[in-house]
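All of the numbers you see were taken from the coordinates with simple rules; none came from a lab. Remember, it's a predicted structure, so these values are computed and weren't measured experimentally. Ideal geometry is used to build each Cβ from the backbone, glycine not excepted, and the neighbour counts take in all protein chains shown.
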Protein chains: 2
Amino acid sequence: MKARGLIVAISGPSGVGKGTVLAKVEEIMEKADPGSVGHSISVTTRAPRGQEKDGVEYYFRTKEEFEQMIKDGRIVEYDQYVDNYYGTPSEPLVEMMDKGQDILFDITIEGSLALDRKFGDDAVTIFILPPSMEELENRLRGRGTETEEKITKRLEQAKAEIRRAGEFEYIITNDDLDKAAGEVLAIITAEKLKASKNIRTAKELE
Amino acid sequence: MKARGLIVAISGPSGVGKGTVLAKVEEIMEKADPGSVGHSISVTTRAPRGQEKDGVEYYFRTKEEFEQMIKDGRIVEYDQYVDNYYGTPSEPLVEMMDKGQDILFDITIEGSLALDRKFGDDAVTIFILPPSMEELENRLRGRGTETEEKITKRLEQAKAEIRRAGEFEYIITNDDLDKAAGEVLAIITAEKLKASKNIRTAKELE
């Protein structure tokens with residue numbers, strides 16, 4: 001029987017390389033076991049653009065429907081941008097986990113903590129640190145798209161976020177992509193081996 | 001700076017292959033980082049045999065000295081066989097962990113739990129299950145050294161031990177040596193990434 005899937009919520013300051021690490025993790029997981037990674041589709045109140053289809057890029061809902069979903073506890077975490085809501089619906093996550101799929105999230109600190117509160121043992125939270133603040137600054141500058149003012153602001157925000165790393169279950173340092181991806185994979189493997197998740201296997205042997 | 005070492009306490013029924021899994025884990029760890037595995041030397045009250053030297057095969061102590069060590073809280077766990085004590089002294093473990101060495105134990109259930117009580121976050125407990133009771137029976141028979149009566153007795157004892165798997169932090173199934181060794185290694189990696197052990201790294205970035 002396939003083990004129940006896990007929600008892997010990863011946060012960290014802008015520029016730390018969360019997206020790259022997660023892409024590498026997904027690549028390795030999909031190579032080892034195709035279809036093992038599920039993808040969360042957000043719910044939004046903004047209008048579809050171009051060829052966007054409901055249930056593909058987003059679930060498109062009215063403001064009233066979205067607010068009802070919040071009230072019903074069907075939205076795990078959400079945010080507002082430019083008058084529109086964007087949120088994570090909980091039911092698709094449960095369905096994917098029931099099928100044994102793991103779901104990787106590159107998400108805000110509040111988003112990670114909300115997933116952890118909602119899913120407990122079925123979620124793991126990981127905070128990614130830069131090797132140093134200098135390195136983070138270099139990476140932000142390396143993008144070449146940010147003004148000096150914006151870089152200063154992002155570094156201040158990074159420090160504020162790093163102060164909250166202790167609210168996560170695991171902390172890793174992204175000084176090497178392969179190492180960081182390997183550490184995320186080790187955490188996923190270990191989490192699934194926790195006794196609370198395998199006590200049934202032991203009971204079946206008796 | 002090298003991360004603090006970890007005590008890895010592994011228990012499981014006789015015949016489950018704990019020793020083989022641990023040997024494989026140690027081989028991989030030593031290949032990746034020579035000297036990274038420390039070895040616990042037991043204290044005993046039995047007399048040295050042949051060329052045995054104090055501090056090599058065992059620490060040899062008198063019964064009075066051993067009992068004083070117990071009273072002083074310097075013995076983490078111990079057992080008695082044929083009128084002699086055999087125990088694990090705590091100070092060498094602390095010294096090895098301070099140097100960043102991990103210490104692997106193939107140990108009784110009570111021994112694992114005692115190490116966990118004494119060292120808390122610095123110890124991890126893993127219970128190894130057989131793939132099935134039939135497979136365990138085959139392995140015990142495969143040794144070719146046990147009487148029918150002894151095999152029946154060992155299987156009864158195995159069931160009693162498996163009932164206690166839930167007292168461990170992790171449970172793995174030894175259906176494949178490489179997979180089981182990889183899982184132990186993933187657990188060791190993940191344990192060292194726990195936020196409680198890395199909060200200082202985050203603080204140093206601020």
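Worth pointing out:
- Taking the label point 7 Å along Cα→Cβ, B:GLU27 and its counterparts in the other copies are spaced 3.1 nm apart, in ascending order.
- B:THR62 label point (Cα plus 7 Å toward Cβ) to equivalent points in the other copies: 9.1 nm, shortest first.
- Difference of contour (0.36 nm per residue) and Cα-Cα distance, A:GLU204 to A:ARG46: 51.9 nm
- Cα centroid of region A:27-68 to Cα centroid of region B:10-79, whole Å: 54 Å
- Unsatisfied cross-links (Cα-Cα over 25 Å) in the set A:LYS118/A:LYS197; A:LYS197/B:LYS179; A:LYS159/B:LYS194; A:LYS24/B:LYS18: A:LYS24/B:LYS18
- Subtracting the Cα-Cα distance of B:GLU149 and B:LYS179 from their residue separation scaled by 0.36 nm leaves 7.6 nm.
- Straight-line reach from B:LYS71: taking Cα to Cα under 16 Å and skipping same-chain neighbours fewer than 8 places apart, the aspartates and glutamates in range are B:ASP79, B:GLU91.
- Other protein chain Cβ atoms within 10 Å, averaged over every residue that makes up B:129-135: 2
- Among A:SER42, A:SER11, A:SER196: highest mean-square fluctuation, GNM of chain A, C-alpha pairs under 10 Å: A:SER196
- For the pair region A:91-133 and region A:153-206, the centres of their Cα atoms are 10 angstrom apart.
- For peptide A:159-169, the mean count of partner chain Cβ atoms within 10 Å of a residue's Cβ comes to 4.
- Label distances, nm, B:ARG46 versus same residue in remaining copies, Cβ-directed 7 Å point: 7.3
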